[in-house]
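Worksheet for the structure shown next.
The values are calculated or read from the model by the stated rules, or taken from the named source; none is laboratory data. Nothing here was measured: the structure is a model prediction, and the numbers come from that model. Cβ coordinates were reconstructed from backbone atoms using ideal geometry, including for glycine residues, and neighbour counts include every protein chain displayed. Areas reflect the complete protein model, heavy atoms only, side chains present, ligands, DNA and RNA absent. Shrake-Rupley method; radii C 1.70, N 1.55, O 1.52, S 1.80 Å.
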Amino acid sequence: MSESHGTSENPGPIRLLAVRETPLSLDEVHAAVGDDAAGGTTLFVGTVRDHDGGKPVAALEYSAHPSALRELRRVAEKVCADFPVRALAAVHRTGRLEIGDVAVIVAVSCPHRGEAFAASRQLIDDLKHEVPIWKHQVFTDGEEEWVGAGSC
């Protein structure tokens with residue numbers, strides 16, 4: 001599931017949104033938010049860590065509801081309404097991921113760095129709390145746990 005919008009003449013602020021099983025590219029996301037009018041660009045990269053809640057994690061798997069991309073667009077549109085966003089991109093991985101794999105990348109370009117930091121923070125926080133993507137964690141002791149859209 002992915003989408004990009006606009007034309008080369010008028011791309012609009014939402015440049016790239018995707019929920020995909022293939023590895024994510026920092027270069028792709030960074031290129032998507034390039035804008036000559038932006039004085040600040042922030043990138044956030046979320047990776048699979050080796051622990052959660054004090055327990056060692058062996059691996060995890062993300063799954064997404066069919067509405068995930070639509071909800072991601074809604075979240076992105078709200079960020080664009082709340083901040084002077086010049087360009088925005090957000091991609092989230094699904095499928096089985098190993099420790100160290102990139103799970104999510106968001107990027108925002110704004111006229112100034114403070115706005116870019118704040119918009120990026122809202123984008124990742126709202127994505128994690130509102131987009132229906134679930135994480136199935138497998139711990140090294142064999143226990144498993146599902147974590148809902150609000151806690152990935």
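The set of residues in the range 51-71 that are more than 9 Å from Glu98 (Cα to Cα) and either charged (D, E, K, R) or open to solvent by 40 Å² or more (accessible area, probe 1.4 Å) (or both) comprises His51, Asp52, Gly53, Gly54, Lys55, Pro56, Ser63, His65, Pro66, Arg70, Glu71.
Please verify whether the range 78-91 includes one or more residues that are in a helix (DSSP H, G or I), in contact with a Cys (Cβ under 7 Å, 6 or more places away or on another chain) and buried (at least 20 other Cβ atoms within 10 Å of the Cβ). No, that holds for no residue.
The single condition among (1) of a type outside the set (S, T, N, Q); (2) on the phi < 0 side of the Ramachandran plot; (3) over 15 Å from the mean Cα position of the chain (by Cα) that Phe117 does not meet is (3). Applying the criterion of at least 1 residues that are more than 12 Å from Ala90 (Cα to Cα) and modelled with pLDDT of 95 or more to the strands (runs of 3 or more DSSP E) found wholly in the range 1-74 leaves 40-47, 55-64. Exactly one residue among Ser67, Ser109, Ser120 is in contact (Cβ under 8 Å) with a residue 12 or more places away in the chain and touching a Phe, Trp or Tyr at 6+ places or on another chain (Cβ under 7 Å), and that residue is Ser120. Tallying residues that are farther than 30 Å from Ala81 by Cβ and surrounded by 15 or more Cβ atoms within 10 Å (Cβ to Cβ) within the range 96-122 yields 2. Tell me which residues, restricted to the range 123-134, are open to solvent by less than 10 Å² (accessible area, probe 1.4 Å) and either part of a strand (DSSP E or B) or under 15 Å from Ala107 (Cβ atoms) (or both). Passing the criteria: Leu123, Leu127, Ile133.
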